[in-house]
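J.: Have a look at this one before I ask anything.
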Amino acid sequence: MTTRTAVVTGASSGIGAATARALAAAGYRVVITARRADRLKALADEITAAGHEAVPYPLDVTDRAAVDAFAASLDDHGPVEVLVNNAGGALGLDPVATADPAHWRTMYEVNVLGVLHMTQALLPRLRAAEGTVIVVTSTAGHGTYEGGAGYAAAKYGAHALTETLRLELCGEPVRVVEIAPGMVKTEEFALTRFAGDQDRAEAVYGGVPDPLTAEDVAETITWTVTRPPHVNIDLLIVRPRAQASNYKIHREQR
Ligand code: NJP
């Protein structure tokens, strides 16, 4: 049996790391990328110790030259069956009136242009492998909220890219899947959003009985990838039961 390769971006933490573990367990050789090399190495060692194959590759998805060099390096691995565009995140929760344009630029670069760079660079290999492109967007890409305009604008952009790509590739053997998670309690997402402010980050999940875990989203991604090749799961909105919309969140009194 030939080894199938899956590339996961943003694999140094949270959903990306969990997805790398899940795809490796499903039989993929995972090529794991993010900017922090030490974390990638630790994850690759862990996956290898579990008897699977993982290749760490430090990469900033906003750096097009680096992305192209990464794609060229994949010559050693042959076709790519799966690309999980997961690298992304939010910066700040400020209203439009006072939000920092630099935050907006960074969010657009990673959440939209990062997906564009990776998808363009790997599309020839995905075509050759009858592959699957996954884009991890957000429920913020399907409805905004006060303070969320910069993140929502970026994730709406990622949603538009994904939907357009599916239209453009119709008739070709490449699936295009969007996963839009709601509240997922990961180690770093809220901490990054609030520039390391632990109290603000914790408050995001305050009283919510069971936010989603990174593993929940990873399982969902793995499920879409492992459907028969003619089955394209266009869009999955995945929320915890306690969150009925971006606005309606059940919080228990402490
Ligand atoms: O976030 P976090 P999650 N180039 O912060 C990497 C979306 N989402 O797992 O580069 C390459 O743990 C960064 O690694 P590093 C969210 O928008 C989440 O929760 O080493 N990689 C890290 O591995 C995002 O798209 C929630 O710093 C870059 C990873 O990205 C995805 O789910 C809700 C990079 C971020 O990991 C994963 O989120 C929702 C760059 N330039 C959507 N910049 C949620 N958690 O509630 C960052 O709706 N990374």
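J.: At a 10 Å Cβ-Cβ cut-off, how would you order ILE233, ILE134, fewest neighbours first?
T.: Neighbour counts put them in this order, fewest first: ILE233, ILE134.
J.: If you don't mind, another one. How long is the gain from THR98 to GLU172 if the chain were fully straight, where each residue apart is worth 0.36 nm and the alpha carbon distance is subtracted?
T.: Result: 22.2 nm gained on full extension.
J.: Along the principal axes of its C-alpha atoms, what lengths does segment 146-254 span, in descending order and rounded to whole Å?
T.: Computed over segment 146-254, the largest-to-smallest principal extents equal 52, 27, 24 Å.
J.: Per-residue HN-Hα couplings for segment 180-185, Karplus 6.51 cos²θ - 1.76 cosθ + 1.60 at θ = phi - 60°, whole Hz, x for Gly and Pro?
T.: Result, ordered by residue: 10, x, x, 7, 10, 7 Hz.
J.: Within a Cβ distance under 13 Å of SER138, other residues only, what is the Lys/Arg minus Asp/Glu net charge?
T.: Result for the neighbourhood of SER138: +2.
J.: Let me ask you something else. Can you put HIS52, HIS230 in order, fewest other beta carbons within 10 Å first?
T.: Least crowded to most crowded, the residues run HIS230, HIS52.
J.: Counting only residues 5 or more places away or on other chains, whose amide H sits under 5 Å from the amide H of ALA180 once H atoms are built in the peptide plane?
T.: Long-range HN contacts for ALA180: THR137, LEU236, ILE237, VAL238.
J.: Can you tell me the orientation of helix 114-128 relative to the chain, as the angle in degrees between its alpha-carbon axis and the longest Cα principal axis, to the nearest 10?
T.: Around 30 degrees separate the two axes.
J.: Please give the FRET efficiency for GLU130 paired with SER73, using the beta carbon to beta carbon distance and R0 = 25 Å, rounded to the nearest 0.05.
T.: That pair, GLU130 with SER73, gives E of 0.70.
J.: Okay, moving on. Treating segment 63-149 as a set of equal point scatterers at the Cα positions, no solvent, please give the Debye-formula log₁₀ I(q)/I(0) at q = 0.17 Å⁻¹.
T.: Normalising to I(0) and taking log10 leaves -0.76.
J.: Taking the Cβ of each residue in TRP104, TRP223 as the centre, tally the other Cβ atoms inside 10 Å and list the residues starting with the fewest.
T.: With the sparsest Cβ surroundings first, the list reads TRP223, TRP104.
J.: Continuing with this model, one more query. Cα convex hull of the chain: mean projected area in nm², to one decimal?
T.: Projected over every direction and averaged, the Cα hull of the chain covers 13.8 nm².
J.: If you take the beta carbon distance between THR192 and ALA25 as r and set R0 to 35 Å, what does 1/(1 + (r/R0)^6) give as a FRET efficiency, to the nearest 0.05?
T.: It comes out at approximately 0.85.
J.: In the neighborhood of GLY88, defined by Cβ-to-Cβ distances under 11 Å, what is the net charge if each Lys or Arg adds +1 and each Asp or Glu adds -1?
T.: Taking every other residue near GLY88 into account, the sum is 0.
J.: Could you size up the charge dipole of segment 97-254 around its Cα centre, putting +1 on the beta carbon of Lys and Arg and -1 on that of Asp and Glu, and report it in debye to the nearest 20?
T.: Charge dipole of segment 97-254: 220 debye, to the nearest 20.
J.: Another question, if that's okay. Run the helix sum for the chain: -39,500 (n - 2.57) per DSSP H stretch of 4+ residues, divided by residue count, reported at 222 nm to the nearest 500 deg cm²/dmol.
T.: That calculation yields -12500 deg cm²/dmol at 222 nm.
J.: Taking 0.36 nm per intervening residue step and subtracting the Cα-Cα distance, what contour gain separates ASN232 from ALA49 on full extension?
T.: In short, 62.6 nm is gained.
J.: Run through the DSSP bridge list for the chain and note the antiparallel percent, rounded to the nearest 5.
T.: So the antiparallel bridges in the chain amount to around 5 percent.
The numbers here are math on the coordinates, done by the rules we state, and not lab data. Please read these numbers as outputs of a predicted model, since none were measured by experiment. For neighbour counting, all protein chains shown are included, and Cβ atoms are generated from backbone atoms with ideal geometry for every residue, glycine included.
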